[in-house]
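The next block holds one structure in the form of structure tokens; read it before the comments.
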Amino acid sequence: MSTILFFLPLLLVFAVLAIYGERKISAFIQNRYGPMETGYYGLLQTVADLLKLLQKEDIVPRVASKALFLVAPFVIFVAVFAGFSVVPVLPTWQGASINTGVFFLLAIVSLDVIGIIIAGWASNNKYSLLGAVRSASQIISYEVPLTLSVVCVLVVTQSLDLQVISFQQGVLSNSYFADAENYLFGLSFANVNTTEIGGVLTWNILRAPVLIPVWIIFFITTLAESNRAPFDLPEAESELVSGFHTEYSGFRWAIIMLSEYGMMLLTSLLGVILFFGSWNTPFPNIGSIKLASWTTGEVGSMASVFWAVLWLLIKTIIMVFIQMWIRWTYPRVRLDQLMSLGWKYLTPAALVLLFFSALWRLMMV
Amino acid sequence: MAYFKNIISAAKTLSKGLGVTFNHIKESRRSSNQVGINDPSYFSEFESGINTLQYPHESIPVPDNGRYKLHNEIDDCIVCDKCAKVCPVDCIDIEGIKATEIIGKTSDGTSKRIHAAKFDIDMAKCCFCGLCTTVCPTECLTMTKSYDFSVYDFADHIYSFATMTPLEILEKKKLLEQSEMERTVAKPLPSKPKPVIKPKLSISSKSEEIAAKPKPAKPVFKPRPMIKKKKNTDD
């Protein structure tokens with residue numbers, strides 16, 4: 001329950017650094033420097049921007065539906081932030097340890113769209129409303145392949161608890177399930193037991209390599225879920241000013257921005273937990289060189305805390321980097337392309353992969 | 001089958017695009033050197049890496065023969081007024097006071113005979129043609145490499161190069177008057193006319209004449225007197 005003490009500061013620091021990082025990455029891709037003037041190498045640019053935002057007037061358009069307009073950013077933020085409540089940080093430290101963690105996460109994250117629709121509708125602005133409508137149609141259509149891709153993982157892991165899924169993917173699996181066995185690529189008939197080897201070999205993508213294409217679908221759909229480019233139609237700058245948050249300014253706009261980056265962090269964390277071994281180390285034990293055990297530490301020790309947080313954050317940040325890299329590479333898709341990608345490509349592919357994941361699970365036992 | 005072809009071509013093109021941008025990220029470890037247009041590497045320098053010129057902190061070297069801000073080395077100026085005459089936009093305003101004797105030498109050995117009471121260049125009018133620097137006989141009027149001289153007040157565009165104080169100007173004017181008086185008193189000597197300098201006598205009055213000439217030839221503002229009249233009646 002107490003992971004809020006970790007995630008709330010993490011989210012704030014992450015948003016500040018990620019906005020800076022995003023500006024730098026976009027600059028490097030475009031042969032520019034990005035922010036350079038505020039602080040060393042522009043490091044304090046986001047802090048300065050944030051201070052400016054906090055000082056700005058809280059403008060409510062006269063014809064807006066005032067109460068809803070004021071409350072919408074917080075609905076979005078709460079929906080995103082509630083998702084962090086089930087995410088594990090350490091082997092010994094998880095938020096809410098509920099048996100249906102993944103289900104809860106997917107459900108609560110979809111609430112996000114309610115906040116977006118409230119914001120767009122309450123603004124009484126055609127751009128905002130168009131953005132909100134687009135957002136709703138996008139999130140609803142991408143919910144389907146997202147859920148299917150997550151179900152593919154769940155078929156393999158046989159659990160909805162994110163902490164259980166984390167334990168399965170490393171050398172600590174035996175400390176949680178006494179009789180847990182991991183086989184290389186999940187092929188139990190080949191009988192290469194990787195339970196004690198751990199490392200990258202027991203991550204879900206290698207425990208059941210069928211999850212590699214599943215991860216691609218998962219990744220594409222999470223981009224769409226978090227309204228990131230190339231699926232940022234709800235806030236398409238070139239068409240809709242900035243979509244559902246056109247009318248927002250100052251602190252409320254900052255909250256919406258924070259939620260957007262929070263969503264990036266959450267979906268990246270979820271991807272890491274489901275596919276890339278959660279807080280487990282990437283190094284395997286090779287014979288007497290116990291790289292995995294050394295970089296995991298005794299459960300409960302300070303070393304274990306350090307390694308777990310380090311691996312979880314490194315992997316998450318790499319995922320976030322990929323999201324940014326994609327944003328500054330691809331142009332925005334059209335609405336019809338978005339729908340055809342979601343319904344005609346990702347959904348059938350996810351269904352087929354679900355079938356293969358189930359087959360793979362049969363080979364794992 | 002078009003369905004699978006779409007998937008394959010999407011995968012190919014998308015990964016290609018990611019490769020392109022990732023290469024840019026990798027190349028951005030290097031910043032391009034800011035070389036001038038004269039440098040042989042000018043066109044190859046900006047092929048990769050960060051190209052931004054962080055202007056106030058760094059700038060591209062300007063070519064030696066670039067035409068930027070004007071500068072007058074007043075110690076070398078003989079106040080010949082050629083620059084003011086040749087200037088197509090009349091941005092140079094010179095007022096000279098003829099000296100009673102040679103007042104010094106320029107660095108190339110030309111004698112200075114006229115005091116520069118006023119040598120103003122209005123850089124707001126300047127069209128950077130460089131004609132004034134070509135006609136300058138002592139090469140005291142040059143174009144510098146300074147090109148960033150924006151100012152807050154429009155009047156600050158006028159650069160004054162004369163160094164004489166008002167008191168000095170007054171003094172020199174008096175001296176000139178005195179010597180002229182002496183000359184008129186000593187007029188009974190017409191055989192010694194000094195006609196070479198005489199037309200140059202008062203440059204300022206001459207330039208004023210030139211400036212004044214076109215004025216009567218411009219009767220464009222016909223309604224002016226009417227407006228004036230109206231104003232007068234209003235008053």
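The values are calculated or read from the model by the stated rules, or taken from the named source; none is laboratory data. Computed from a predicted model, the values in this text were never measured in an experiment. Here Cβ is always computed from backbone atoms with ideal geometry, including for glycine, and neighbour counts include all displayed protein chains.
Structure summary
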item: Any hit, segment B:45-55, residues being touching a residue at least 24 places away in the same chain (Cβ under 8 Å), β-branched (Val, Ile, Thr) and on the phi < 0 side of the Ramachandran plot; result: no
item: Segment A:95-116, residues that are under 20 Å from A:LEU68 (Cβ atoms) and either of a type in the set (Asp, Glu) or surrounded by 21 or more Cβ atoms within 10 Å (Cβ to Cβ) (or both); result: A:ASP112, A:VAL113, A:GLY115, A:ILE116
item: Segment B:50-83: number of residues that are touching a Leu at 6+ places or on another chain (Cβ under 7 Å) and aromatic (Phe, Trp, Tyr); result: 0
item: Selection count where residues are in contact with a strand residue (DSSP E or B) (Cβ under 7 Å, 6 or more places away or on another chain) and closer than 15 Å to B:ASN72 by Cα, scope segment B:158-180; result: 6
item: Residue count, segment B:12-28 (criterion: within 7 Å of chain A (Cβ to nearest Cβ) and touching a residue at least 12 places away in the same chain (Cβ under 8 Å)); result: 1
item: Filter result for A:ILE286 (touching a residue at least 24 places away in the same chain (Cβ under 8 Å) and surrounded by fewer than 17 Cβ atoms within 10 Å (Cβ to Cβ)); result: yes
item: Among the candidates B:SER9, B:SER31, residue that is within 14 Å of another protein chain (Cβ to nearest Cβ) and touching a strand residue (DSSP E or B) at 6+ places or on another chain (Cβ under 6 Å); result: B:SER31
item: Count of residues meeting criterion [on the phi < 0 side of the Ramachandran plot, outside any helix (DSSP H, G or I) and among the hydroxyl-bearing types (Ser, Thr, Tyr)] in segment A:252-295; result: 3
item: All helices (runs of 4 or more DSSP H) inside segment A:126-183 with 3 or more residues being surrounded by fewer than 18 Cβ atoms within 10 Å (Cβ to Cβ); result: A:126-157, A:173-176
item: Looking only at segment A:20-52, and only at residues there that are of a type in the set (D, E, K, R), away from every other protein chain (no Cβ under 12 Å) and closer than 17 Å to B:ARG29 by Cα, the one that is nearest to the chain's Cα centre (by Cα); result: A:GLU22
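Residue-wise test of (1) under 19 Å from B:ASP120 (Cα atoms); (2) at pLDDT below 85.
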site	(1), (2)
B:THR142	yes, no
B:ASP153	yes, no
B:ASP156	yes, no
B:SER160	yes, no
B:GLU177	no, no
B:ARG183	no, yes
B:ALA186	no, yes
